[in-house]
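Written out below as structure tokens is the structure these notes cover.
A short reminder: the numbers here are calculations on the coordinates, not readings from a lab. Nothing here was measured: the structure is a model prediction, and the numbers come from that model. FYI the Cβ positions are ideal-geometry reconstructions off the backbone, even for glycines, and counts take in every protein chain you see.
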Amino acid sequence: MHIPDAFIPMGQALIYWIIALIFIALALRWARRSMEEEKIPLVAVLAAGIFAIQALNIPIPWGTSGHMVGAALAAIVLGSPYAGVFVLTLVLLVQGVIFGDGGITVMGANIVNMGVIGGFVGYYGYTAVKNVIGNAYAAAFIAGWASLFISAILCAVELAIAGTFPLVPALIGLGLYHAVIGLIEGGITAGALYLIASARPDILEHPTGVSA
Amino acid sequence: MIDDLYAIEKYAYRESLVHRLDARIKLLVALAAIVAIVALPYSTKVYELGAVLFALFIALWATSRLPPTAYLRRLVLILPFGIFLIGFQVFVKNPYYDIFHTIATLPFGIEVYAESVQFASILLVKFVVSVSFIILLSSTTKMQEMIEAAGRLGLPREFTLTLGMMVRYIFVFADMFGRIRTAMETRCFDPLDRTLPYRYRLHQVGYTVGTIFIRSYEQGERTYTSMLCRGYGANAGLYIGKKPLRAGEVVFFAATLAFIVLSTVLIYLHP
């Protein structure tokens, strides 16, 4: 889902960059103030961990392998959508500049798709579903799935606006593919949350409802 | 991707004219080339600018004395998603052309359009040129130097500090990731092994992800505490010393930038 350079015209790419920068500024403010202490270094190290998590081959039912995004997991565990934004911004910067995975001019769009959508849908999806059904792991599963699925839909819409990929095939292709991958993202988010709740419950910002 | 981390950084530690060039200049030249090729509207003029910029890339890559295979290997790793998007183009109409001519009809009513093939090739040129400059940048510039350069160019210290730490720990976690993978292999566990129940594999991968998360969080806690012990506070930042540019570097930068800007403008204005 990392959009490469040239697939979004310059003008539109700049608009996504502006949106991304607003959320990055908010995420920086979160890292400075909202955690009890200023914990920017901690989140920076965690971002390196998420980078490693994305390297893990994840089985997809029909035999190929996929990769996790991890924004929802970071947002749920650290208790703020901005955790997802912060972590994914760092990861995408490194991926774009060092590896060439995801373009430079379109990085704003990629940050919006994966960091902002991943973080916000992941965190608010999790809290909302947990309040309704009461099961934290089912909530993490649904939030993980939705974060990926909605990111993919937004990615499809952006490519359609850019005129580089028609809307309907993009929605079907990207949407359907990520609807399935999303199940795995959700499953792993729930599994990882279970392990974290068992091993280090103190890490969790909102441990209520999560029981080992 | 994580397996290439060491290879990329090893190339960046080599010696050559391009490697010695100040990272600020390499960062800005790569950015200028990418912005130029992306900003040029979708038209056949992209071929001309693409050829010019690719020639610049080849000249710089040759000067860096890195093997061509290093470039090709990295290119192949990056291409898939872009190639998927480009390959699909030939079957659909896009808003950048008014009239479409069918050049081939496939079963199920799928048609290939001449204009779409042209559009796909334009995208391919833009894509390959942008990716090539990123490969050049990261193969000739150490990560830490790149961050310092970004700081010297005005990136706020919150970012230089966090990126600096992240880059340092990426290598720690790449090692950890390698050990986890070895541990899985010694136990004959492969997440992609289809003879194992799917649910079981997903559980194991989930726990591994949780483990990496906890371990990186704990590493973060330790690092943070030790930084506090050494006087870390809200005003702390990455130390970036002053590094004046040499006259030769300024001349090279001015000439390259002028070359990129002029060729873009001339090709854009040329009827």
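Say the dipole of the range B:58-138 comes from +1 at the beta carbon of Lys and Arg and -1 at that of Asp and Glu; which of B:Gln89, B:His101, B:Leu66 then lies farthest toward its positive end?
B:Leu66
Set Lys and Arg Cβ to +1 and Asp and Glu Cβ to -1, take the dipole of chain A about its Cα centre, and tell me which of A:Ile196, A:Phe86, A:Asn135 lies farthest positive.
After comparing all options, I get A:Asn135.
Select from A:Phe165, A:Phe120, A:Phe23 the residue whose mean-square fluctuation is largest in a Gaussian network model of chain A (Cα-Cα springs shorter than 10 Å).
Top of the fluctuation ranking is A:Phe165.
B:Lys45: which lysines have alpha carbons under 28 Å from its alpha carbon, excluding same-chain residues fewer than 8 sequence positions away?
B:Lys26, B:Lys93, B:Lys126
I'd like the mean, over residues of A:187-199, of how many other protein chain beta carbons sit within 10 Å of each residue's own Cβ.
The shielding value for this peptide is 5.
Provide the net charge surrounding B:Phe100, with neighbours chosen by a C-beta distance below 15 Å and charges set as Lys +1, Arg +1, Asp -1, Glu -1. Could the numbers behind the result be given before it?
Numbers: positive: B:Lys93; negative: B:Asp98, B:Glu111, B:Glu115.
The answer is -2.
So what is the 222 nm mean residue ellipticity for chain A from helices alone, if each DSSP H run of at least 4 adds -39500 (n - 2.57) and you divide by all residues, rounding to the nearest 500 deg cm²/dmol?
-20500 deg cm²/dmol
Could you work out the local net charge near B:Phe253, counting Lys and Arg as +1, Asp and Glu as -1, over the other residues with Cβ closer than 15 Å to its Cβ?
+4
Output the DSSP H helices from chain A with an along-axis C-alpha extent of no less than 27 Å and a mean Kyte-Doolittle hydropathy no less than 0.5.
A:10-29, A:136-162, A:176-199
Sequence-distant or interchain residues sharing an amide H contact under 5 Å with B:Glu111, placed H: which?
B:Leu106
Evaluate Rg over Rh across the protein assembly as shown, taking Cα atoms for both radii and Kirkwood's formula for Rh.
We get a ratio of 0.97 for the protein assembly as shown.
Can you name the helices of chain B, as whole DSSP H runs, whose Cα span along the helix axis is 27 Å or more and whose Kyte-Doolittle mean is not below 0.5?
Qualifying helices, which must be both long enough and hydrophobic enough, are B:45-63, B:114-140, B:247-269.
Take every residue in peptide B:124-135, count the Cβ atoms of other chains within 10 Å of its Cβ, and give the average of those counts.
4
Along Cα→Cβ, 7 Å out, is where each label goes; now give me the distance between the ones at B:Tyr97 and B:Thr44 in nm to one decimal.
Taking the two extended label points, one gets 1.2 nm.
Kindly state, to the nearest 0.05, the FRET efficiency for A:Asn135 paired with B:Ala258, given R0 = 56 Å and r defined as their beta-carbon distance.
In this case the efficiency is close to 0.35.
Normalise the Cα radius of gyration of the range A:59-163 by 2.2 N^0.38 Å (N = residues in it) and let me know the number.
Ratio of Rg to 2.2 N^0.38 Å for the range A:59-163: 1.11.
Length gain on complete extension for the stretch B:Arg199 to B:Arg246, per 0.36 nm per residue less the alpha carbon to alpha carbon distance?
Numbers: separation 47, 0.36 × 47 = 16.92 nm, distance 6.00 nm.
My answer for the length gained is 10.9 nm.
What is the distance in Å between the Cα centres of the range B:36-89 and the range B:169-208?
35
For the range A:69-101, list residues with backbone N below 16 Å from a point placed 7 Å from the Cα of A:Tyr124 toward its Cβ?
Answer for this model: A:72, A:75-76, A:79-85.
Which percent of Cα pairs goes in each bin when the distances of the range B:181-271 are cut into 5 angstrom slices starting at zero?
For the range B:181-271, the binned pair fractions read 3, 9, 9, 9, 6, 6, 6, 7, 10, 12, 12, 8, 2, 0 percent.
Taking the radius of gyration and the Kirkwood hydrodynamic radius from Cα positions alone, what is the Rg/Rh ratio for chain B, to two decimal places?
Across chain B, the Cα-based Rg/Rh ratio is 1.05.
What size of dipole, in debye to the nearest 20, comes out for the range B:1-60 about its Cα centre when the only charges are +1 on Lys and Arg C-beta atoms and -1 on Asp and Glu C-beta atoms? Mind showing how you got there, number by number?
Working: 6 positive and 6 negative charges, 39 e Å.
Charge dipole, the range B:1-60, about its Cα centre: 180 debye, nearest 20.
If you take the Cα Rg of the range B:1-127 and divide it by 2.2 N^0.38 Å, with N the number of residues, what do you get?
Working: Rg = 18.3 Å, N = 127, 2.2 N^0.38 = 13.9 Å.
Compared with the compact-globule rule of thumb, the range B:1-127 sits at 1.32.
Excluding same-chain residues fewer than 8 positions from A:Lys39, which aspartates and glutamates have a Cα within less than 15 Å of its Cα?
Once the sequence-local aspartates and glutamates are set aside, what remains near A:Lys39 is A:Glu205, B:Glu158, B:Glu218, B:Glu221.
Enumerate the amide H contacts of A:Ile58 below 5 Å, restricted to partners 5 or more residues apart or on another chain; note that Pro and chain-start residues carry no placed amide H.
A:Gly66
Under a Cβ-only charge scheme (Lys and Arg +1, Asp and Glu -1), can you give me the dipole magnitude of the protein assembly as shown about the Cα centre, in debye to the nearest 20?
Around 860 debye, computed over the protein assembly as shown.
Using a 10 Å cut-off on Cβ to Cβ distances, tally the other chain neighbours for every residue of A:91-99 and report the average as a whole number. List each step's numbers first, then the result.
On the way: counts 2, 0, 6, 7, 1, 2, 12, 16, 11.
Average per residue, whole number: 6.
Run lengths n ≥ 4 of DSSP H only: what is the helix-derived mean residue ellipticity at 222 nm for chain B, with -39500 (n - 2.57) per run over all residues, to the nearest 500? Could the numbers behind the result be given before it?
On the way: 11 runs with 192 residues, N = 271.
Computed mean residue ellipticity for chain B: -24000 deg cm²/dmol.
Pop a pseudo-label 7 angstrom from the Cα along the beta-carbon direction at both B:His270 and B:Arg222 and give the gap in nm to one decimal.
Here the modelled spin labels are 5.9 nm apart.
Using only Cα atoms, what is the ratio of the radius of gyration of the range B:156-229 to 2.2 N^0.38 Å?
The value comes to 1.43.
Any chance you could list the semi-axes, whole Å, largest first, of the equivalent ellipsoid that the Cα gyration tensor gives for chain A, using √(5λ)?
27, 21, 15
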